[in-house]
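Every read-out reported here was derived from the displayed coordinates using simple, explicitly stated rules and does not represent laboratory data. What you see is a predicted model; the values in this text were computed from it and never measured. Don't worry about glycine lacking a Cβ; one is built from the backbone with ideal geometry, like all the others, and counts go over all protein chains shown.
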Amino acid sequence: MSATRRVSEEEYLHCIRCGQCLPVCPTYRVTLNETDSPRARVALMRAVREGLLERPTDRTAAQFFRCLLCGACTFTCPSGVTVDRVLELTRGEMTDLGLLPQPLVALNQRIAESHNISAEPPESRLLWTQNLPTPPTGLGKTQAEVVYFVGCVGALFPRSYGIPQSFAQVLEGAGVEYALLGAEEWCCGYPLAINGDLETARDVMRHNLEAVRATGARTLVTTCPSCFHFWKHTYPAALGEELGFEVRHATEFLADLLEAGRVPLGENLPEQVVTYHDPCDLGRKGGIFDAPRRVLRAIPGIRLVEMPENQGGSHCCGGGGNLESMDPALSQAVAARRIRQAAETGAQVVVSACQQCERTLFNAARTERLRLRVKDIAEIVLEAMK
Ligand code: SF4
Ligand code: SF4
């Protein structure tokens, strides 16, 4: 199931074992254990491919799944190895050998049976629409120019409800007519694909594609960078057809609305220093760095400062690659490193454009006892509206 980049089956042979990927790998930086490094993962994959291991074991497989698929290694590699993509393919091979770690088997089962990551009934996808001043106008709409695809975390984790609630209100304030798929929205399929269950991933992709097409939409917009990346790059390749509509991330959509003067901003935010965290799937893997910064610079009262590791060199939030299901402690340790980097800028607020980054960084700020607020970009735009 190809993503943005093509990877040759033998690409791992280009690894010259230079070690330049070690200091940028968030899991290696936490454990300082060579087995948690991209170089070791590539070497292990080569050993598997070349039959140097009699049979991969659970421990072998775990090395591939203790990875965030953040792409920092790929960004750095002087030999041009798309390490994260090679690792994604190897995960599929481990799954085919029956070596998918148990927490991830359970995640795949939940999605296969309930079509979402947390085994909720389909109608739970609309719980976030409650407790708003007025119900979202996209609710129950069957035809619209724009479909807002909410994603599992935003729709089902109460901690993240503020993101779809804010984005829907911003769309309405800007006069955008949109539809929500509600119970007909299923998991985008990304967690299945990176856990190696490509068959079920294709089933959910096919369902979602038909649900969006039925609305006649010309644009699909997501607040989740992983949904965005998967819809934009993997859906057409995996299903073997053009989608027939444009896929955009909320940051691109918001930047255009703001620049067209359609979002009525006030002067109601206090002066504040904000730093922006690039989500891996949006920035390094999706190439979208400017749109969120255009949004933040357009908001009166915000002074944007950058962390030293930003844009292509950004440090993962710890929430990628299904690592949270596989090894929550490692995921939290990665998040703690990133939130400390944000605090070192002197910012009062760290803004991201991803429900997973917002959640992991928020929890890390509390655990690290840092006086740093964590917000999604849709939330801060709504706060700035008149
Ligand atoms: S940076 Fe690239 S070539 Fe160097 S060790 Fe890492 S994967 Fe291998
Ligand atoms: S994708 Fe990220 S976590 Fe995985 S090996 Fe590369 S740098 Fe490390």
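Sequence-distant contacts, meaning Cα pairs under 8 Å at least 6 residues apart, place the relative contact order of the stretch 104-218 at 32 percent. For Val305, the residues whose modelled amide H falls within less than 5 Å of its own, excluding neighbours fewer than 5 places apart on the same chain, are Val274, Thr275, Tyr276. Normalised by 2.2 N^0.38 Å, with N the number of residues, the alpha-carbon radius of gyration of the chain equals 0.96. Separation of the stretch 311-353 from the stretch 71-129 is 19 Å, based on Cα centroids.
Ordered by the number of other Cβ atoms lying within 10 Å of each residue's own Cβ, fewest first, Asp256, Asp281 fall into the sequence Asp256, Asp281. Length gained on full extension, Glu54 to Arg369: 108.7 nm, using 0.36 nm per residue less the C-alpha separation. Neighbour counts of C-beta atoms inside 10 Å place Glu113, Glu184 in the sequence Glu113, Glu184, starting with the fewest.
Cross-link reach is defined here as a Cα-Cα straight distance under 28 Å, omitting same-chain residues fewer than 8 places apart; for Lys386 the lysines meeting it are Lys141, Lys375. Entry for the stretch 151-207 at q = 0.12, 0.23, 0.25, 0.31 Å⁻¹: log10 I(q)/I(0) = -0.39, -0.94, -0.99, -1.14, Debye formula applied to identical alpha-carbon scatterers, no solvent contribution. Among Thr134, Thr82, Thr142, the largest mean-square fluctuation in a Gaussian network model of the chain (Cα springs under 10 Å) belongs to Thr134.
Working note: Karplus 6.51/-1.76/1.60 with θ = phi - 60° gives the stretch 177-194 the couplings 8, 9, 10, 9, 7, x, 5, 7, 7, 10, 3, 5, x, 4, x, 5, 4, 7 Hz, where Gly and Pro are set to x.
Here is the short version for the chain: Cys15, Cys18, Cys25, Cys67, Cys77, Cys152, Cys187 have no other Cys C-beta closer than 4.7 Å. Mean sequence separation of contacting Cα pairs (under 8 Å, at least six apart), scaled by the length of the chain, corresponds to a relative contact order of 17 percent.
Of the residues Pro26, Leu258, Val381, the one whose Cα sits farthest toward the positive end of the charge dipole of the chain, with +1 on the Cβ of Lys and Arg and -1 on the Cβ of Asp and Glu, is Pro26.
In this structure, Lys386 and Ser114 have a Cβ-Cβ separation that, at R0 = 56 Å, corresponds to a calculated FRET efficiency of about 0.90. Based on the Cβ-Cβ distance from Cys18 to Glu93, what FRET efficiency comes out when R0 is 25 Å, to the nearest 0.05? Once rounded, the FRET efficiency stands at 0.50. With the convex hull of the Cα atoms taken as the outline of the stretch 266-384, the averaged projected area works out to 6.7 nm². Convex hull volume of the Cα atoms of the stretch 1-128, normalised per residue: 139 Å³.
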